[in-house]
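Take a look at the structure set out below.
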Amino acid sequence: MKKKSGILMMAVMLFLASFTVRAMENGAYLAPRTTSYVNPDTKETMDGGTNIALGQSMCDSIVDDQVLVEKVDDQMYVTVGLGLMSNVSDVSMQVVNEKGEFRDVELTLTGSCERDGDTCNHYRFEMKPGDKYFSPVLFVTPMGREVQFFVQIDYDSMQEGTGNFLSEMLEKKPEPKVTEKEVSQEKETNKKPDPKEEAKKQDYSTWIFVGVAAVVLVGAGAIILKKKRG
């Protein structure tokens, strides 16, 4: 009876989380996370590890306390920070849907930072509103094997923001409003000159030049004549 009650409660929580994701507006959010070394559904490890306490401590220390959740219409992207990268030689990611089915997702390295004296890489991947968990798979070099664990997002506690993550969600900026006066001024500025008007301006300039030259020549002749008479 208690087992059925627990399953029903988990189903209700998953439904509410899925509803929250579908209802949230487009934007970037920071959300707390919880980690689990064992599969939350089967309560067993995925990598064959037997020291549950050590594995839980390790995955808690590797994953950033918050993840970045970006919603763009019907698509949702998550960015997670994974630390201790000097000990990791390979990273992949799986997502678990509401039926408990696993699928591989493509990772994009969006940035990195220093945390606890080591490198923390930020990985971005796509999730769907109905997905329950995401599951990092890391090859830990000192251990000589892969380690896999689970991360669940607390959608109910998320707040707008990006933290130190790089958000790739682009907001479309509204087009600037242009007044009729600005349109008229732009037309006037870009208006092509009338060839006839340009020809008239050139003729007018030519006559002015000729007139000025004539005045100069007449003045010069008068000065020369005056000198001869003197």
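The values are calculated or read from the model by the stated rules, or taken from the named source; none is laboratory data. Treat the numbers as computed from the prediction; the structure is a model and nothing was measured. FYI the Cβ positions are ideal-geometry reconstructions off the backbone, even for glycines, and counts take in every protein chain you see. In case anyone asks, the SASA skips ligands and DNA or RNA and just uses the protein heavy atoms, side chains included. Shrake-Rupley method; radii C 1.70, N 1.55, O 1.52, S 1.80 Å.
For residue 85, indicate whether it is closer than 17 Å to residue 39 by Cα, buried (at least 16 other Cβ atoms within 10 Å of the Cβ) and free of Cβ contacts under 8 Å to residues at least 60 places away in the same chain.
In short, no.
Where the second residue is open to solvent by less than 30 Å² (accessible area, probe 1.4 Å) and charged (D, E, K, R) and the first is outside any loop (DSSP other than H, G, I, E, B) and lies in the range 30-53, which pairs have Cβ atoms under 8 Å and are six or more apart or on separate chains?
Every condition considered, the pairs that remain are 33/64.
Among the residues that make up the range 115-123, is at least one of them closer than 23 Å to residue 26 by Cβ and surrounded by 15 or more Cβ atoms within 10 Å (Cβ to Cβ)?
So far as the range 115-123 goes, yes, one or more of its residues are closer than 23 Å to residue 26 by Cβ and surrounded by 15 or more Cβ atoms within 10 Å (Cβ to Cβ).
Listed here are the residues, each with its yes/no results for (1) of a type in the set (Phe, Trp, Tyr); (2) in contact (Cβ under 8 Å) with a residue 40 or more places away in the chain; (3) under 26 Å from residue 46 (Cβ atoms); (4) loosely packed, with under 14 Cβ neighbours inside 10 Å.
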position	(1), (2), (3), (4)
106	no, no, yes, yes
126	no, yes, yes, no
131	no, no, yes, no
137	no, yes, yes, no
140	no, yes, yes, no
147	no, yes, yes, no
152	no, yes, yes, no
160	no, yes, no, yes
168	no, yes, no, no
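Say whether the condition of being of a type outside the set (Gly, Ala, Ser), over 19 Å from residue 32 (Cα atoms) and not in a loop (DSSP other than H, G, I, E, B) is met by at least one residue in the range 118-131.
Yes, the range 118-131 has at least one match.
Would you confirm whether or not the range 24-36 contains a residue that is modelled with pLDDT of 95 or more, more than 22 Å from residue 165 (Cα to Cα) and not β-branched (Val, Ile, Thr)?
yes
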